[in-house]
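The values are calculated or read from the model by the stated rules, or taken from the named source; none is laboratory data. Here the structure is a predicted model, which is why all the values come from computation and not from measurement. Quick reminder, even Gly has a Cβ in these numbers, built from the backbone with ideal geometry, and neighbours come from all protein chains shown.
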Amino acid sequence: MEPLRIYLELCRVSNLPTVWINTLAACLLAGEGWQLKKIVLLLLGFSLMYGGGMALNDWLDADTDRLHRPDRPLPSGRIGEREVRICWLSLFTASLGVFYAAGGLNAFCGGGILLLFVITYNLSHGFSSLAVVPMAGCRFMIYIVSGIACAGRPNLLLLVLAAVQFGYILYITMVGRREKHAGEAHSRVPVLLAGVPLLDGVALALAMGIGWIFAGLAGGIATLAAQTKIKGD
């Protein structure tokens, strides 16, 4: 089980509940009802893309992490750079294929834009504070790609929720950067991340019934619980 745990840590799977609730909310709010096959494919596609982004992050930040995050899989020596490179390349390639299966060429192109945001953030976050923008753009694109795959294009409700999440991720990312520069021992980011699915729960409750708030709550609780097992920052 140790090799599996190494890859789970590398891909920071503890943050995936936020991605899953984003995807579920986007698919349901797209206005075309339950499309189980597309929902499952999009959940898989975004999970693969997220894991690839985290693996790429560790691969690019290996030298810095050896000084500041020596517990991570790559700097700790539990996995090699070649294996990490194969991991993110494979996950990115697979995710684009899944997006195509979920929504054809348009969803594939949307996934390509998402990938560009992922790569831009990872290449720039070490030296530019503007890297918070492509990071928030990654979350924004979950709603856009889901809307394209499920309904041909995102509706106004999806665009509003995407904008709200864009702003919230901007805030979380700026908090994380400030904490890193200040050398704070305890980060607020894991708790703030739990708020991401809560926003989706509120949107679902307003659009589809109050009971959907529990989906957001469940996502927030799952995120916090997962953070106790695998660090997500």
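Worth pointing out:
- The C-beta contact set for region 61-76 (first residue assigned to a loop (DSSP other than H, G, I, E, B), second residue at pLDDT below 85 and not charged (D, E, K, R), distance under 8 angstrom, 6+ apart or interchain) comprises D61/G126.
- Test: residue in region 122-145 that is under 18 Å from M49 (Cα atoms), in contact with a Cys (Cβ under 8 Å, 6 or more places away or on another chain) and of a type in the set (G, A, S): no
- Matching residues in region 83-95 - criterion: being free of Cβ contacts under 8 Å to residues at least 40 places away in the same chain and surrounded by 20 or more Cβ atoms within 10 Å (Cβ to Cβ): W88
- Yes/no for G137 being crowded, with 16+ Cβ neighbours inside 10 Å and over 26 Å from V160 (Cβ atoms): no
- Subset of region 69-82 (residues that are of a type outside the set (S, T, N, Q) and surrounded by 13 or more Cβ atoms within 10 Å (Cβ to Cβ)): R69, R72, P73, L74, P75, R78, I79
- Within region 178-189, at least one residue is of a type in the set (D, E) and crowded, with 16+ Cβ neighbours inside 10 Å.
- Restricting region 1-54 to residues that are of a type in the set (A, V, I, L, M, F, W, C), outside any helix (DSSP H, G or I) and more than 14 Å from the chain's Cα centre (by Cα), the residue that is nearest to G111 (Cα to Cα): A30
- With a requirement of 2 or more residues that are modelled with pLDDT of 95 or more and out of contact with any His (no Cβ under 9 Å at 6 or more places or on another chain), the helices (runs of 4 or more DSSP H) lying completely within region 91-204 that satisfy it span 132-151, 156-182.
- Residue that is nearest to T223 (Cα to Cα) [pool: residues in region 161-197 that are β-branched (V, I, T) and in contact (Cβ under 8 Å) with a residue 40 or more places away in the chain]: V196
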